[in-house]
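Here the structure comes first, spelled out in structure tokens, and everything after it is commentary.
Derivation of every value follows stated rules applied to the coordinates shown; laboratory data play no part. None of these values were measured; they are calculated from a predicted model. Cβ: placed from backbone, ideal geometry, glycine included. Neighbour counts: every protein chain shown.
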Amino acid sequence: MKSAQTALKPEHQTIRKAILAIPRGHVASYGEIAARAGLPRRARLVGRVLREAGDEAKLPWHRVLRADGRLAFVPRSRDFLEQKRRLKAEGVLVAGNRVDLRRFGWQRDLDAGLWAPPEAD
DNA sequence: ACATTGACTCGCG
DNA sequence: GCGCGAGCCAATG
């Protein structure tokens, strides 16, 4: 039999792990996740992995945004609203359709005294 | 096999 | 801030 098991590629696995590693109350861009997974410039792949994953995968997909802080979904769409709701639920402020990456971006180092991150995980 | 699409990003003007 | 083009590449038509 030739049951194609659509085995999860290792690339997808590392991307999932990178997403899982985003601390609660923080966000990261598609590009950042890709880079962290050892796949620079593969932002689009991150988007694909997220789409294929769906909600069953239980990944914190709502913590993944575009590089400029905007949500990737069409404003007012169902998914957009859901993402906004989840972010708000964990303390991430969404002004209009974007998040302030200086405050909530997944950056451990630059908090040398400004903005004071919501919570150090 | 070719063209388009897309949960993206970056540089340039 | 905005539009354009290029890079990216698997999935879809």
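Coupling constants for the stretch A:47-63 follow from the phi torsions by the Karplus curve (6.51 cos²θ - 1.76 cosθ + 1.60, θ = phi - 60°), and in residue order they are x, 5, 4, 5, 5, 5, 5, x, 7, 4, 5, 6, 8, x, 4, 5, 8 Hz; glycine and proline get x.
Shape verdict for the stretch A:65-104, please, from the Cα gyration tensor: rounded (a/c under 1.5), prolate (a/b greater than b/c) or oblate. Because a/c hits 1.5 or more and a/b fails to exceed b/c, the stretch A:65-104 counts as oblate. Note on the stretch A:10-104: with charges restricted to the Cβ of Lys and Arg (+1) and Asp and Glu (-1), its dipole about the Cα centre is near 200 debye. Under 5 Å between amide hydrogens, built in the peptide plane, is the criterion, and for A:ARG70 it picks out A:VAL99 among residues at least 5 positions away or on other chains.
When the charge dipole of the stretch A:10-104 is built from unit charges on Cβ atoms (+1 for Lys and Arg, -1 for Asp and Glu) and taken about the Cα centre, the candidate among A:HIS12, A:SER77, A:ALA57 whose Cα reaches farthest toward its positive end is A:SER77. When a/c reaches 1.5 or more, the comparison of a/b and b/c decides; with that in mind, is the stretch A:6-64 rounded, prolate or oblate per its Cα gyration tensor? The shape class here is oblate.
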